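The values are calculated or read from the model by the stated rules, or taken from the named source; none is laboratory data. Treat the numbers as computed from the prediction; the structure is a model and nothing was measured. All Cβ positions, even for glycine, are placed from backbone atoms using ideal geometry, and neighbour counts span all protein chains on display. Note: accessible area is taken over every heavy atom of the protein model, side chains too, but ligands, DNA and RNA are not part of it. Shrake-Rupley method; radii C 1.70, N 1.55, O 1.52, S 1.80 Å.
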Amino acid sequence: MRTLYEMTPKRRFVSGMLGGRVDRVPVGSATSVATVEQEEITSSYFPDAHLDGIKMARLAAGAYEILGYDCIMPVFSVVAESAALGCEIDWGDKENMPINRSSPWEDPDEVVMPDDFLDKPTIKACLDAISILRNTYGDQVAIMGKVMGPWTLAYHMHGVQEFLMETISNPEKVRSFLSKLKKVTILFGKAQIKAGADVLCLADHATGDLVSSETYRDFLLPFHKELTKEIGCPMTLHICGNTLDRIKYICESGFDCFHFESKVDAKKAVKEVDGRISLMGNINNPEILLGGSPEKVAEKTCYAIKAGVQIVGPECAIPLVTPIENLKEIVRVAKEENKK
Ligand SMILES: [Zn+2]
């Protein structure tokens, strides 16, 4: 349903996430849209922008100021929580995201939440950035926070291989990790809302390449039900890869929206969700946004909009050398489609 009045980006984005009326299809992403070009325009560079709330906010605002997107999401990396919990981090550079270099916890008994978790540098930077963005753009633009779910935190803190093997060899250990790590997700999520986030992304990489849909259903779904209830604000789930076989379970999880990759065909995803939650994303990063032309971006954006995806945008954190021209093309098409 289209409104006859023009909406602010914030109303458009939040309404899209909740499946309501919009004046045109909103554009945005639950994951990073920062690029080297935006780092240069805003004079705010990686890796400093992961640790300094002012620089983080300035670079993140590029999503609205430079790209014209309807939401600003400043939590660029996936290492904020793991760095605060004691992982060694390779901070990368202006063209590369940080990555974890160690997985310190062997056993769920070792899971300890530091008392000063919210004051750890990576966490504080995210909260400061959200607060600055809220004060500067909060009346006009949707401010999205991002937290890692317990599955991703277990990959980071315990190791991907070990954790996945234990879903078979030691399911109780897996559940014990998830049960303890969910507290990190809740604490950081609620702190982001308090700092001024309108909506949250929960990234939990139970991706199709590594995890079966039954594993998602049996291990993670109960935790997602709990987390969406406990955190309480409008939320989108992000999972990479081919997730078509688990969308039916994701619809039961309590998330309002699912940020999904191009490995899932947009029409099939829309059919699978059957109106139960909204969909966001779907524009391919490596071949289309990074390597393709604006014409290719336009073609894929039209396809996703016509299929019924509620919010169009990049499928996952974009490669930092992605051209701005391609990222802006999504907005041009969303505006154009509305006139038809
Ligand atoms: Zn992803």
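If we keep just the residues of the stretch 250-263 that are farther than 16 Å from LEU18 by Cβ and within 12 Å of the ligand (Cβ to nearest atom), which is surrounded by the most Cβ atoms within 10 Å (Cβ to Cβ)? Looking at residues that are farther than 16 Å from LEU18 by Cβ and within 12 Å of the ligand (Cβ to nearest atom), I get PHE260.
Filter the stretch 104-129 for residues that are part of a helix (DSSP H, G or I) and acidic (Asp, Glu); which is least open to solvent (accessible area, probe 1.4 Å)? Ranking the candidates gives ASP128 first. Of the helices (runs of 4 or more DSSP H) lying entirely inside the stretch 1-88, the ones with 1 or more residues being among the aliphatic types (A, V, I, L, M), open to solvent by 10 Å² or more (accessible area, probe 1.4 Å) and closer than 15 Å to ALA125 by Cα are found at 53-60, 80-84. Checking the stretch 73-92 against the condition returns a match, with at least one residue being over 29 Å from GLN161 (Cα atoms), under 20 Å from the mean Cα position of the chain (by Cα) and of a type in the set (A, V, I, L, M, F, W, C).
Of all residues in the stretch 191-227 being under 16 Å from the mean Cα position of the chain (by Cα) and open to solvent by 20 Å² or more (accessible area, probe 1.4 Å), which is nearest to the ligand (Cβ to nearest atom)? Once the filter is applied, the top-ranked residue is HIS205. Pairing residues of the stretch 299-325 that are closer than 13 Å to ALA269 by Cα and open to solvent by 10 Å² or more (accessible area, probe 1.4 Å) with residues that are of a type outside the set (A, V, I, L, M, F, W, C) and more than 16 Å from the ligand (Cβ to nearest atom), at Cβ distances under 6 Å and at least 6 apart in sequence or on separate chains, gives ILE305/GLU337; ALA307/LYS267; GLN310/GLY16; GLN310/SER278. Could you give every pair whose Cβ atoms fall below 8 Å, whose first residue belongs to the stretch 174-196 and is on the phi > 0 side of the Ramachandran plot, and whose second residue is surrounded by fewer than 19 Cβ atoms within 10 Å (Cβ to Cβ) and at pLDDT 95 or above, counting only separations of at least 6 or pairs across chains? If the second residue must be surrounded by fewer than 19 Cβ atoms within 10 Å (Cβ to Cβ) and at pLDDT 95 or above, the pairs left are GLY196/ARG134; GLY196/ASN135; GLY196/GLY138.
Scanning the stretch 286-308 for residues that are within 24 Å of ALA203 (Cβ to Cβ) and either within 16 Å of the ligand (Cβ to nearest atom) or aromatic (Phe, Trp, Tyr) (or both) turns up PRO286, GLU287, ILE288, LEU289, LEU290.
Applying a threshold of 7 Å to beta carbon distances and a minimum spacing of six or more residues, or different chains, the list of pairs starting in the stretch 89-112 at a residue that is of a type in the set (A, V, I, L, M, F, W, C) and ending at one that is assigned to a strand (DSSP E or B) reads ILE89/ASN100; ILE99/ASP90. Of the residues in the stretch 244-259, not one is under 15 Å from the mean Cα position of the chain (by Cα), over 25 Å from PHE219 (Cα atoms) and assigned to a strand (DSSP E or B). Number of residues in the stretch 147-179 that are open to solvent by 10 Å² or more (accessible area, probe 1.4 Å) and either in a loop (DSSP other than H, G, I, E, B) or of a type outside the set (A, V, I, L, M) (or both) equals 14.
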